[in-house]
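The values are calculated or read from the model by the stated rules, or taken from the named source; none is laboratory data. Quantities reported herein were computed from a predicted structural model and do not represent experimental measurements. Note that we place each Cβ from the backbone using ideal geometry, even for glycine, and neighbour counts take in every protein chain shown. The accessibility values were calculated without ligands, DNA or RNA, using every heavy atom of the protein model including side chains. Shrake-Rupley method; radii C 1.70, N 1.55, O 1.52, S 1.80 Å.
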Amino acid sequence: MKKMINIAVLASGSGSNFEAIAKAVKRGYFKANLKLLMTDKENSFVRLRAKRFKVRDIFVNPKDFKTRRDFDRQIIKILRKEKIGLVALAGFMRIISPVFINAFRNKILNIHPAILPSFKGVDAITQAYDYGVRITGVSVHFVDQKMDHGPIILQEALGIDSNEKLKELEERIHKIEHRLYPKAIKLFVEKKLKVKGRKVFLLS
Ligand code: GRF
């Protein structure tokens, strides 16, 4: 029997995307082990979600490490020990150092709540809302050395109505995220993604 890929989710906050991934695994949307949740925030809500889904959660305290690189080395050590084949960043509020990216080249995904390359960084939904764009959306991409920059796997756009409240827009974005991230992970797990430079080819 073919070995299933082990997935680790790295998150710092609420974890609604973690939950979407956990639900996708549970209902067999793709075949993989959601092996662990790693977080840099001791009291993050995502840890409670992990408990609910019986996913092992590990808190790594950044304060225990002198540099970002040392922290990342610890993360890599755990990921290797657990034989992780895919790292899904889901609201992980830390910049990842090159040592991490090189150790898991083209095996780290991220979700961003805007149509990249627009509105990179934190508070992307608010950035887009305040800018007054008519269209925004969600991107799932491979992670490379630059923030919110790697090759794009999937994007989905939505229109913004001038009367729309920020809260409503946030809800609509999150709804898309919870569908799009599992979809991108499914493509990865089923080996249907081929990266060539900035482009990601979707194999049939
Ligand atoms: C999401 O909007 C994701 O796109 C961004 O951080 C947020 C995390 O939300 N990177 P949650 O913790 O998954 O609810």
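Applying the criterion of being open to solvent by 30 Å² or more (accessible area, probe 1.4 Å) and within 13 Å of the ligand (Cβ to nearest atom) to the residues of the stretch 14-35, the residue that is farthest from Tyr181 (Cα to Cα) is Ser14.
Would you mind stating whether Leu48 is farther than 22 Å from Val140 by Cβ and either more than 16 Å from the ligand (Cβ to nearest atom) or open to solvent by 70 Å² or more (accessible area, probe 1.4 Å) (or both)? Spelling it out, Leu48 is indeed farther than 22 Å from Val140 by Cβ and either more than 16 Å from the ligand (Cβ to nearest atom) or open to solvent by 70 Å² or more (accessible area, probe 1.4 Å) (or both).
Scanning the stretch 129-170 for residues that are in contact with a strand residue (DSSP E or B) (Cβ under 9 Å, 6 or more places away or on another chain) and over 24 Å from Lys183 (Cα atoms) gives Tyr129, Arg134. When restricted to residues that are open to solvent by 70 Å² or more (accessible area, probe 1.4 Å) and more than 18 Å from the chain's Cα centre (by Cα), the stretch 124-167 contains 10.
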